[in-house]
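Asker: Sharing a structure below in structure tokens format, with a few things to ask.
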Amino acid sequence: MRVGWFGVAGAALVLTLSPVSGGGAAERAAAPAAVSVVQAVPGQQVTVTVDGTSVEGGAAGVGDVLGPLELTPGEHALAFSDGSGSVDVTSTLEVKAGSTSDVVLHLPADVGGAPVVNSYVTPTGPIGPGKARVLVAHTATVAPADVRVDGKVVFTNIANGEFATADVPAGTHVVELLPTGQKSNPILGPIDLRVTAGTVSKVYAVGNPRDRSMQVILHSATLRPDGSVVPDTIRTGSAGLAADIPLHPFGPH
Amino acid sequence: MRGVPGPVLVAAAALLTTLVAGCGLRDGGTGERTAPSPGATERRTPTPVAPARRAASQVTPEGPRAIRLPDGTVLRVRAVGTRADGELAVPDDVRVAGWWRGGSRLGDPFGATLVAGHVDSRRQGLGPYAALLSATAGQQVVLQSRHLRQDFRVRSLRLVRQAPLRHQPWIHSAGGDRRLVLVTCAPPYLPSRGGYQNLAVVTAVPTGPPQRRGP
């Protein structure tokens, strides 16, 4: 069953914010940071400004991913507003040269809490063949949760504002969010999560199970391969000294 | 489901309106202020975006550095790759095992951790991996990494003909249940046909999650 998915194309909008001054040699030498802005507050249309400039694309609804924005290393001013005062958050964001991250506007765990902003650095380390990386983030109005993948609890006790990552086999997985310690009545899912080898999928759990607004925002990126190649042969003996050892196979594969 | 505020959210929005009115820097700090509400006396300063925290329950996966075989022998484990001809680069030393670095690590939720070792060598004689030819169900194997330790129990011993391993994904793939796969060479030994004709493949399954090692 697939519920509450947003098809999010990562490269929908690209906005380059260059320094007004043009920047010095050091700034030009430093690689920019790639920052995507994820709007994870249900029921709101939010305008995002970075250093006083509105991010292109107009007001962002829940599930929209703006960017990636190219930001110079250092501090930037962020503001989120719906124009009515329901959402009005101003923040500063410190970014490192060459980093890739998502900045996520979401609700806290408590019902009625004001929106908060968290950043999630994308785990961009190289990855082995046949694997995909998953980052699951708790940005929902709900108590700490466990994450079950293909029936196996992979992450436990993730609270609002926390995340967990894992490398999993590429393919389609059945993912459920459960209240921590519980084995049934998922808060979210089961949903089919299809992950491609050599990619990272950032999965943001959003909404409130009490009003059935739970949904998932998915944001993917490509990773570098770690250079590993699946072995085709294993040769682990040459002297013939084990030729007469009796061997009695047992058990399944 | 897009943009459906439930009653709770409507209430939240109303509450938020009273909470944040009058304390907003708008449009990135161009100075436009909303009307202050009663009780709101301070102009809010922007707060730094908090980096999300990694859940405390999560362990960082690590490749194995040592293995304790069922007979108690402890071997060093080295991370190895695959040679250009497709052969796993298992260390020549029979007392050092090779972990295929593209596979699963301690702390990964799925897949095979492939650790191979030489059954013998002309210089060193029979090696500790020869004992795997006599493995029995339920025997304990322990993997250690820099910060972690995980116990496994032997589930199977299979004899696999020397043939391309791409047809045997259970030995190396990132998919399937978490498992430790120990491989060494097995008889018959036919020098005229390249030596050992089979692989002995011992599969062991974890008895629990990886534990952090003591100081």
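The values are calculated or read from the model by the stated rules, or taken from the named source; none is laboratory data. Being a predicted model, the structure only gives us computed values, none of them experimental. Glycine gets a Cβ as well: all are built from the backbone with ideal geometry, and neighbour counts include every protein chain shown. The area values use the complete protein model at the heavy-atom level, side chains included, leaving out ligands, DNA and RNA. Shrake-Rupley method; radii C 1.70, N 1.55, O 1.52, S 1.80 Å.
Asker: Spin-label point model (7 Å from Cα, Cβ direction): what's the B:A66 to B:R123 distance in nm?
Answerer: Simple spin-label model gives 2.4 nm for this pair.
Asker: A further question on this structure: Could you work out how far apart the two model spin labels at B:T207 and B:A56 are, taking each label as a point 7 Å from the Cα in the direction of the beta carbon, and quote it in nm?
Answerer: 2.8
Asker: Enter the mean projected area of the convex hull around the alpha-carbon atoms of region B:66-212, in nm², rounded to one decimal. Walk me through the intermediate numbers first.
Answerer: On the way: hull surface 33.8 nm².
The orientation-averaged projected area of the Cα hull of region B:66-212 comes to 8.4 nm².
Asker: Now a separate question. When the Karplus curve 6.51 cos²θ - 1.76 cosθ + 1.60 is applied with θ = phi - 60°, which whole-Hz ³J(HN,Hα) does each residue of region B:170-177 get, with x for Gly and Pro?
Answerer: Calculated HN-Hα couplings, in order: 4, 6, 9, 6, 6, x, x, 4 Hz.
Asker: Among A:D64, A:D226, A:D146, which one shows the highest mean-square fluctuation when chain A is modelled as a Gaussian network with alpha-carbon springs under 10 Å?
Answerer: The residue with the greatest mean-square fluctuation here is A:D226.
Asker: Report, for chain A, the % of DSSP beta bridges that are antiparallel, rounded to 5.
Answerer: Details: 56 of 76 bridges.
Here the share of antiparallel DSSP bridges comes out near 75 percent.
Asker: Could you tell me the calculated FRET efficiency between A:S184 and B:H147, based on Cβ-Cβ distance and R0 = 25 angstrom, to the nearest 0.05?
Answerer: On the way: r = 34 Å, r/R0 = 1.34.
Between A:S184 and B:H147 the formula returns 0.15.
Asker: Looking at region B:58-215 only, what percent of DSSP beta bridges run antiparallel? Nearest 5 please. Each step should come with its number before you reach the end.
Answerer: Values: 37 of 47 bridges.
Of all bridge pairs located within region B:58-215, approximately 80 percent are antiparallel.
Asker: For a Förster distance of 45 Å, can you work out the FRET efficiency between the beta-carbons of A:V111 and B:Q197, rounded to the nearest 0.05?
Answerer: Efficiency for this residue pair is about 0.10.
Asker: Other chains near B:201-209: what is the mean number of their Cβ atoms within 10 Å of each residue's Cβ?
Answerer: Numbers: counts 3, 1, 3, 0, 0, 0, 0, 0, 2.
Other-chain Cβ atoms within 10 Å of each residue's Cβ, averaged: 1.
Asker: On a straight-distance basis, which aspartates and glutamates could pair with A:K202 in a cross-link, Cα separation under 17 angstrom, same-chain partners fewer than 8 positions away excluded?
Answerer: In chain and number order, the partners are A:D64, A:D102, A:D146, A:E162, A:D167, A:E176, A:D192.
Asker: Here is a further query. Under a 5 Å amide H to amide H cut-off, with H placed in plane at 1.01 Å, what residues pair with A:T236 once short-range neighbours are removed?
Answerer: Counting only residues 5 or more places away or on other chains, the set is B:C185.
Asker: Turning to a different aspect of this structure: With a 1.4 Å probe and all protein chains kept in place, how do A:H76, B:H147 rank by accessible area, largest first?
Answerer: Values: A:H76 15, B:H147 90 Å².
Of A:H76, B:H147, the descending order of accessible area is B:H147, A:H76.
Asker: Taking 7 Å along the Cα-to-C-beta vector as the label spot, tell me the B:Q140-A:V121 distance in nanometres, rounded to one decimal.
Answerer: Taking the simple label geometry, B:Q140 and A:V121 are separated by 3.8 nm.
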